[in-house]
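To keep things clear, I will list the structure first and then write my remarks on it.
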Amino acid sequence: MSHFRSDIRQRAEELVALYPRPRSAMLPMLHLAQEQDGYLSDEGIAEVAELTGTTPAEVRGTASFYDMFHLEPVGKYVVGVCTNIACLLAGGEEFLEHASTKLGCSVGSTSEDGLFTLEETECLADCDRAPVVQVNHRYMRTTTPEAFDTMVDDLRAGKLDHDVPPHGTLIRVRRSAGLRAPRQEVADQRVAAKAAREARAEETK
Amino acid sequence: MASLDAPRIVSSRRDFTDSFTLTRYLETGGYVALRKALTMFPEAVAGEVDAASLLGRGGAGFPAGRKWSMLRKSPISYLVVNGDESEPATFKDHYLVERDPHQLVEGVIIASYALQVNQAFIFMRGEFALGLERVQQAVNDAYAHGALGSKIFGSDFSLDIVVHPGAGAYICGEETSLIEALEGKRGFPRIKPPFFPAVTGLYGEPTVVNNVETMSNLPWIVNNGGAAFAALGAGRSTGTRLFALAGRVKNPGVYEIEMVKNTFRDLIYDPKLGGGIIGDKQIKAFIPGGVSAPWFGPELLDLPLGQDEVAGEGSMLGSGSIVVMDETSCVVRATWRITKFFSRESCGQCTPCREGSGWIERAMYRIEHGGGRMEDIDLLLDLCDNIAPGLTWPPQQTTICVLGPSIPSSVHSAIKMFRDDFVAHVEHGGCPHE
């Protein structure tokens, strides 16, 4: 029995087909597992292991290295506030404190209603709009406490559902098809290209 | 006065709100360079990049042409594009992937043709959700347009591009770590030698890894010739470059300007660029190339923005990120935060980096937040010396990758330039700015 929904399972299998080795699909597939469950459940990890030819221990050991993967349930909205150098110089620490008060949860925890998880992030590469705030990895560009409060209220009211999908959904544009360059064609091209290059090198000698 | 006459090479579409669409891209000369490249011999395309003297735009500044030519002896298997932009205060690739994804895709196809590889991967940091969507859409559009897939534009060249999301790890910007991540593992940098993935890369096969901005320059270089690119800038720093300006300036942002012809002062103060310091305060210090770089004081504001020029003063242009601190900024707090970053992001393989970054962070924390001791200041320098012996630039290395030797840059700079600030913190029992 697959833990993945049929559409997630299909996309996971499509991912494996894109790489010369199945394990390369690990990170994108873990994102898919988070898209279904909101975090990495034991069942999701087991299925990723099956599809990538690894063990659940290897999957967990890999996932725990990366900040974006959550091994425990998180809120529907993961709010990231950057305090790294450019944001620090723009009052990022005070901003993070404000966010904590507004959301009603401390850094690294989830609000009681299960809606928000607050994280202090490293640089998010949007430093001309500091302090930087992301919700589920979407840039919100709320650089004042007032704008932040409005955004939180809008999220609660569901007004931003179109812009901010639930936590885990990362890439909403799907790849249009699998690999399109046939293997034999590529192999033939590599042989021909090598021969042609050697012939040209011989000519110029 | 800043020199702003050079053409925009990678940001030519910045005034279009729909710059990311195929329609706009085709209307503004898109995929013309690829058609031209496909009529040339692959080594001739590589020759133009060589002639351009295009230095890699990721951070190390290695000539892209040389990176490619090292491989021409043995056929290369894969091209991997590094879009893991995570060096603090660097946000120029963020601009390129969101605002001009087709230019990146066209550059990747051109590079793949020059190298005769048939599969390329664009590895992008996972936090770029919109960038990932835009580049995936551009790849989809390129397939539909005949610019990707089997027999591109009717030629004898076929290529697949796979867009690959990372998952939040600074270290994956290091190219061997990125390859490990692309193999589905923890992003542990690989032992050197071999120094270049060109020898042993993805799945142990010859691989070229190039930065997003490096790739984005290729359509212009093919259209205009490597010589036209090399005519811009001076010395080894040719062409234009995207500079990400952040910190205490009035107009932070990404600016494409000609290399060497402009100085740090131009970038920070010109009304068309940074516009000066917020509140017209005095500049205290600036970081010239990402937080891995040693800092400069205001006396070096007239230094040209060129790789060798900055190296000559003991720092690096690095990732093209410039952070400005003014007289109101607390340099101790800035140093503590940078150290905290390295401590969080150390992958943990090498003892000097894993342990050293934590010790330095704790010592910096107590100086900034109260409880600092006078002897902590020299202790910090000693800890730095254990990670990068001699505290020289470029640094000596005791670790597998350059994350470790990057840690001392800010600590050493801040103590050297502003020792009095550290003393004041210790005497005050915390940050006097609060």
Per-pair calculated FRET efficiency, R0 = 22 Å: B:Phe195 and B:Ala311 via Cβ, rounded to 0.05: 0.70
Equivalent ellipsoid dimensions for the protein assembly as shown as semi-axes, Å, which come from the Cα gyration tensor, largest first: 37, 31, 24
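Apply 1/(1 + (r/R0)^6) to the Cβ-Cβ distance of A:Thr150 and B:Ala227, taking R0 = 51 Å, and write down the FRET efficiency to the nearest 0.05. Please list the in-between numbers first.
On the way: r = 53 Å, r/R0 = 1.04.
Efficiency for this residue pair is about 0.45.
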Listed residues B:Glu98, B:Glu106, B:Glu313, most fluctuating in chain B (Gaussian network, C-alpha, under 10 Å): B:Glu313
Helix A:6-16 axis, angle to chain A major axis (alpha carbon atoms, nearest 10°): 50
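Mind checking the mean number of beta-carbon atoms from other chains within 10 Å of the Cβ atoms in B:120-132?
Shielding by partners across B:120-132 averages 5.
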Ascending count of other beta-carbon atoms within 10 Å, so fewest first, for A:Ser6, A:Ser176, B:Ser12: A:Ser6, A:Ser176, B:Ser12
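What number comes out for the charge environment of B:Arg248, summing +1 per Lys or Arg and -1 per Asp or Glu over other residues with Cβ under 13 Å away?
Net local charge, B:Arg248 excluded: -1.
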Mean Kyte hydropathy of -1.0 or more with a Cα span along the axis of at least 30 Å, helices from DSSP in chain B: B:403-428
Aspartates and glutamates whose Cα lies under 19 Å from that of B:Lys284, excluding same-chain neighbours fewer than 8 positions away: B:Asp266, B:Asp270, B:Glu299, B:Asp302, B:Glu313, B:Asp326, B:Glu327, B:Glu368, B:Asp420, B:Asp421, B:Glu434
The range B:331-428, dipole about Cα centre (Lys/Arg Cβ +1, Asp/Glu Cβ -1), debye to the nearest 20: 320
Set of lysines near A:Lys159 by C-alpha distance (under 17 Å), chain-local residues within fewer than 8 positions excluded: A:Lys76
A:Arg9-A:Arg183 FRET efficiency (beta carbon distance; Förster radius 22 Å; 0.05 resolution): 0.35
Simple label model, 7 Å out from Cα along Cβ direction - B:Ala60 to B:Asp302, nm: 3.6
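Can you tell me how much longer the chain between B:Thr398 and B:His433 gets when fully stretched, taken as 0.36 nm per residue apart minus their C-alpha distance, in nm with one decimal? List each step's numbers first, then the result.
On the way: separation 35, 0.36 × 35 = 12.60 nm, distance 3.59 nm.
Answer, rounded to one decimal: 9.0 nm.
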Computed P(r) (all Cα pairs; the range B:263-408; 10 Å bins; percent): 11, 37, 34, 16, 2
Inter-chain Cβ neighbour average for residues A:57-66, partner chain, 10 Å: 4
Stretch gain in nm, segment A:Ala46-A:Thr143, where the contour uses 0.36 nm per residue and the Cα spacing is subtracted: 30.9 nm
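Kirkwood Rh over Cα pairs of the range A:48-173 into Stokes-Einstein at 10 °C, 1.306 mPa s: D in µm²/s?
For these conditions, the coefficient is 103 µm²/s.
In percent, how large is the relative contact order of the range B:22-230, given Cα pairs closer than 8 Å and 6 or more residues apart?
32
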Intensity falloff of the range B:331-428 expressed as log10 I(q)/I(0), Debye formula with alpha-carbon point scatterers, at q = 0.18, 0.21, 0.22 Å⁻¹: -0.72, -0.97, -1.05
Cα→Cβ-extended label distance, 7 Å offset, between B:Arg8 and A:Thr101, nm: 4.1
Whichever aspartates and glutamates have a C-alpha closer than 19 Å to that of A:Lys205, once near sequence neighbours (fewer than 8 apart) are set aside: B:Glu43
Antiparallel content of DSSP bridges confined to the range A:77-156, in %, to 5: 50
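Just the number, please: percent antiparallel of the DSSP beta bridges in the protein assembly as shown, rounded to the nearest 5. Can you show the working numbers first?
Numbers: 23 of 49 bridges.
Among the beta bridges of the protein assembly as shown, antiparallel pairing accounts for roughly 45 percent.
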DSSP-defined antiparallel bridges as percent of all bridges, chain B, nearest 5: 45
Computed [θ] at 222 nm, deg cm²/dmol, chain B (DSSP H ≥ 4; -39,500 (n - 2.57); rounded to nearest 500): -12000 deg cm²/dmol
Alpha-carbon centroids, the range B:216-242 and the range A:9-32: separation in whole Å: 37
Cα centroid of the range A:97-138 to Cα centroid of the range B:1-50, whole Å: 38
Cα shape, the range B:1-152, gyration tensor, a/c 1.5 rule: rounded
Cα centroid separation, the range B:78-126 to the range B:377-407 (Å): 31
In nm, spacing of pseudo-spin labels at A:Ser64 and A:Glu203 (7 Å Cα→C-beta vector): 5.9
Cα-based helix-to-principal-axis angle, A:26-37 vs chain A, degrees rounded to 10: 40
Average other protein chain Cβ within 10 Å of Cβ, residues B:139-151: 3
Likely footprinting exposure, A:Tyr77, B:Tyr25, fewest C-beta neighbours within 10 Å first: A:Tyr77, B:Tyr25
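None of the figures in this text is laboratory data; all of them are computed from the coordinates on show. The model shown is predicted, which means the values in this text are computed figures rather than measured ones. Using ideal geometry, Cβ is built from the backbone for each residue, glycine included, and neighbour counts are taken over all protein chains shown.
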